[in-house]
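Derivation of every value follows stated rules applied to the coordinates shown; laboratory data play no part. Model, not experiment: these values are computed from the prediction. As a convention, Cβ positions derive from the backbone with ideal geometry for all residues, glycine included, and neighbour counts pool all protein chains shown.
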């Protein structure tokens, strides 16, 4: 999309600090996970509302999972509270106690430090959209349950490591 | 409502940390504003999702304004970011730059320290529901634009003062 068109869309969507149409915000697909763990995230579309709302203490994303897409690799955070609220569609929450089907109006919380590795998968035939809200701490550590990955955030920037401490290239 | 019935409703609504039906959470009407500033809030219904989701760093309420009701006295926060996301109905956001009509899918942000006194009013004939999310700081100061009120939070507990510093009784 040409930059001017993108800027116009953002300007139309935002009258600070009001977001009249969050769905018009720029869509970010894919993840920052290191290769090959970044595969299979093309169907995850995040629209960051945080900056448009002028917020810094917690983040708010409008996130859509297309059929087959997942929210993240299954993980938990050491320092940041996180929650989601389902707006439309059908999502499957996979966490330590098993699987739970979530539909519009349902919510789930992931308290900081609770070793409940979780993610959402869209196993339905239609897109599903939810709000995700998470504290923004300068320092964070994320533990991944199913893959050889550990994420460390310093100064707001994530770096990724193997579980033996070796950094990903 | 008898306590046992209330407890059953909460238990049905919550499978920690999943909230299958936030609308079944206990409804809190009215405010903690000192008399007579607490008048006119009976049509504001808050359902606190925070505890049910296991969160402590930010609060999440499912809030309904019945016709004529308002979200708060018009105010701004010194230390806590705040935002709202409209789920249903029609709300009027009143803030320093005037009035804005908000409908489902719209959002508004109120950054900490931004002297943009704001509140929501339901001027429609039907209830309107939104999510409100705000950082939970131990210490806070809220400034009210239209009334003789100042709120100070210490250790998580609010106390109310006149603008000359005299505490409300």
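Assorted remarks:
- Ascending list, in nanometres, of distances separating the residue B:167 label from those of the other copies (7 Å, Cα toward Cβ): 5.4
- Proxy reagent accessibility, fewest Cβ within 10 Å first, across A:157, B:86: A:157, B:86
- Helix A:3-13 vs. chain A, principal-axis angle (Cα, 0 to 90°, nearest 10): 80 degrees
- For the Cα trace of region A:15-106, dividing Rg by the Kirkwood Rh returns an Rg/Rh value of 0.96.
- For residue B:126, the label point sits 7 Å beyond Cα toward Cβ; its separations from the matching points on the remaining copies run 1.9 nm, from shortest to longest.
- Value of [θ]222 nm, deg cm²/dmol, for chain A, DSSP H segments ≥ 4, -39500 (n - 2.57) each, nearest 500: -2000 deg cm²/dmol
- One Cα centroid belongs to region A:75-91, the other to region B:18-43; the line between them spans 25 Å.
- For chain B, the Stokes-Einstein estimate of translational diffusion at 4 °C and a viscosity of 1.567 mPa s comes to 77 µm²/s, using the Kirkwood hydrodynamic radius over alpha-carbon pairs.
- B:103, A:129 arranged by Cβ crowding within 10 Å, fewest neighbours leading: B:103, A:129
- Cα principal axis extents for the protein assembly as shown, largest first, Å: 62, 56, 38
- Going by neighbour counts of Cβ atoms within 10 Å, the residues A:20, B:163 line up, fewest first, as B:163, A:20.
- Calculated label separations, residue A:101, copies of the chain, 7 Å along the beta-carbon direction, nm: 3.8
- Across peptide B:56-62, the mean count of Cβ atoms from other chains lying within 10 Å of each residue's own Cβ comes to 5.
- Mean-position separation - Cα centroids, region A:127-168 and region B:99-137, in angstrom: 31 Å
- The protection proxy used here, the mean number of other Cβ atoms lying within 10 Å of each residue, ranks peptides B:53-60, B:109-116, B:25-32 as follows, highest first: B:53-60, B:109-116, B:25-32.
- Stokes-Einstein D (µm²/s) once Rh is taken as the Kirkwood radius of region A:78-169 over alpha-carbon pairs, at 37 °C in 0.692 mPa s: 226 µm²/s
- Cβ neighbours within 10 Å from other chains - mean over A:108-116: 5
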